[in-house]
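Structure record follows, encoded as structure tokens.
The values are calculated or read from the model by the stated rules, or taken from the named source; none is laboratory data. The structure displayed is predicted, hence computed values, not measured ones. Virtual Cβ from ideal backbone geometry, glycine too; neighbours counted across all protein chains shown. Just so you know, the surface numbers come from the protein's heavy atoms only, side chains and all, with ligands and any DNA or RNA stripped out. Shrake-Rupley method; radii C 1.70, N 1.55, O 1.52, S 1.80 Å.
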Amino acid sequence: MPPDASVHDEESVPGRVYTTDSLPVQHRRAYWREALSRTFGAVTMNVPDEVYSGTIRTSPLGRLQTITVDGDSLYALRTNRLVAQGREEECVVVKLLDRGTARLTQDGREADLRPGDIFVYDMARPVRLDLPRSFRTKAVVLPRDVLGLSESDLTRITASPVRPDSPLGGLLSPFLTGLVDTAAAYPPRIGELMARNVVDLLSVLVDEQLGRTIADTRRADRALLLRIQAFVDQHLADPDLGPKVIARVHHISLRYLHKLFESEDVTVNRWIQRRRLEGSRRELARRDAASRSVAAVAHRWGFTSAAHFSRSFRAAYGMTPSEWRGAQNSVQGTPAATGPPPPEKAESDSSPSHVPCVLRQSAHTVEF
């Protein structure tokens with residue numbers, strides 16, 4: 001490949017265009033292979049011996065990324081080995097087949113695709129996509145956590161196309177087309193707003209594919225929330241109990257976990273602290289716990305710092321743990337208060353910032 005035909009990766013450019021159009025025929029295949037490598041990462045791809053044309057356009061959209069690919073034909077395979085090797089496992093791809101035909105295989109399902117079909121595949125598991133002739137696809141790539149799906153729900157929607165003649169497909173097909181085509185023109189603030197709208201629409205798509213009604217979804221969310229709250233009560237003594245642990249144990253994303261607690265008007269961390277304070281408050285009021293130090297009670301309920309426990313207790317109840325214990329012990333024959341603490345103002349959980357889910361970060365394997 002001559003120097004002027006190499007694929008450049010300039011981080012200062014918000015969107016990228018890779019095209020073979022201006023290259024001599026003998027250099028197009030090498031260029032196309034490198035462009036695919038930079039875009040899709042750890043995926044094995046077969047490309048034609050002679051590449052006549054190929055264009056890739058990518059644009060960020062908030063935490064999402066849009067990708068348009070025009071090509072002659074393509075066979076892509078992502079194996080378990082490549083899943084372990086790459087860094088794309090956090091991505092889900094929602095793709096529209098704009099031109100050509102395709103066959104997608106994932107999670108034990110095989111789907112034959114035609115123009116206008118919308119389909120989903122998950123980069124965390126093996127997937128195969130065969131595009132046997134000239135094609136064009138338009139895709140939105142998003143982090144797995146933004147959809148708020150459990151692992152089992154995500155496996156149920158992959159390789160299950162939404163047809164353009166369905167009510168939802170008729171709405172989403174032109175929307176995705178317009179969004180991907182114009183994503184590069186959005187300033188960052190508008191891009192963030194558009195990304196939120198995309199996630200909302202994709203959530204509707206997921207609910208329809210899973211056969212959920214709004215009532216079904218709310219009932220399922222409430223049941224899961226009650227299970228999580230019971231889990232929290234059982235593990236309050238564990239100082240490592242937090243959102244990440246809870247999400248992992250229940251096989252849900254952090255975003256979904258935080259969304260569940262929105263109905264309680266409190267954050268996950270604040271809920272845990274509230275339950276710990278309630279438990280310690282009851283224990284300090286019991287006469288049989290009089291021999292335990294305040295620090296021991298704090299440790300028993302998952303607080304790692306006695307000073308932090310005292311500050312939190314005073315903020316919630318208007319007195320220190322020692323003052324509360326003394327007040328309860330001085331009241332003869334009066335049962336310890338066991339009611340909930342005064343209402344607290346919810347505070348936002350801090351979480352690390354995220355970057356758009358980009359597929360082009362890993363070494364790519366291209367077969368001849």
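Here are a few things to note about the model shown:
- Under Karplus coefficients 6.51, -1.76 and 1.60, residue-wise ³J(HN,Hα) of segment 153-167 in Hz, glycine/proline x: 5, 5, 5, 7, 10, 6, 6, 10, x, 9, 7, x, 8, 7, x
- With a simple spin-label model that places each label point 7 Å from the Cα along the Cα-to-Cβ direction, the separation between residue 265 and residue 189 comes to 3.1 nm.
- Compared with the direct C-alpha span, the chain from residue 250 to residue 221 gains 9.2 nm at full extension, assuming 0.36 nm per residue.
- Applying the Karplus relation 6.51 cos²θ - 1.76 cosθ + 1.60 with θ = phi - 60° to segment 302-316 yields 3J(HN,Hα) values of x, 7, 8, 10, 5, 5, 5, 4, 5, 5, 5, 5, 5, 5, 7 Hz, where x marks Gly and Pro.
- Backbone phi angles across segment 255-264, fed through the Karplus curve with coefficients 6.51, -1.76 and 1.60 (θ = phi - 60°), yield HN-Hα couplings of 4, 5, 4, 5, 5, 4, 7, 4, 5, 8 Hz in residue order; Gly and Pro are listed as x.
- Accessible area per residue, Å², segment 1-142 with all protein chains present, probe 1.4 Å: 42
- Sequence ranges 142-148, 81-87, ranked by mean other-Cβ count within 10 angstrom, highest first: 142-148, 81-87
- For residue 116, the residues 5 or more places off, or on other chains, whose built amide H falls under 5 Å of its own are 97, 98.
- Portion, in percent, of the accessible area of segment 161-261 that falls on carbon or sulfur, probe 1.4 Å: 59
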